[in-house]
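Trainee: Below is a structure I'd like to ask you about.
Just so it is clear, none of the values below were taken in a lab; they were calculated from the coordinates. Keep in mind it's a predicted model, so treat the numbers as computed, not measured. Virtual Cβ from ideal backbone geometry, glycine too; neighbours counted across all protein chains shown.
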């Protein structure tokens, strides 16, 4: 975890060029040319959200790749618990110093919890997108939707192709 945060911080500080390559790849995650981490065991949407399904609950947030492209997150708009989300539909927004972006749900279901820490500390999305920066927890209504999402290798390749590398 500390290595991933260090690598991401270092890449941001140095603004590495697209010609930079990194062979560093601990077993728990992959690093792209820009050090964006992609965790194994999660599922990824092409709109750059991740989902971790454990038991009857799925945790959702935005990827390290997405937060890196957004820049410093200054505000997060989240829905109320008890509401519903639909796969591919917006459930909130993230405002950064660069832009405001809708956040889409990678799966459908009932919102059972929101990360209220993000109200006072939206920067958790930048510093810890897969841990403290999660956004919502959902009780999936169609767990089979997870099968339509990308695994870590597919998502890494998707990001590299999208960024033109």
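Trainee: Can you order the peptides 128-140, 149-161 by their average number of other Cβ atoms within 10 Å per residue, highest first?
Mentor: Numbers: 128-140: 20.7, 149-161: 16.9.
Result, highest mean Cβ count within 10 Å first: 128-140, 149-161.
Trainee: Assuming a ≥ b ≥ c are the square roots of the Cα gyration tensor eigenvalues, decide whether segment 85-125 counts as rounded (a/c under 1.5), prolate (otherwise, with a/b larger than b/c) or oblate.
Mentor: Oblate shape, in that a/c is at least 1.5 and b/c is the bigger or equal ratio.
Trainee: To one decimal place, what Kirkwood hydrodynamic radius in Å is obtained for segment 54-165 from all pairs of distinct Cα atoms?
Mentor: Kirkwood hydrodynamic radius for segment 54-165: 14.5 Å.
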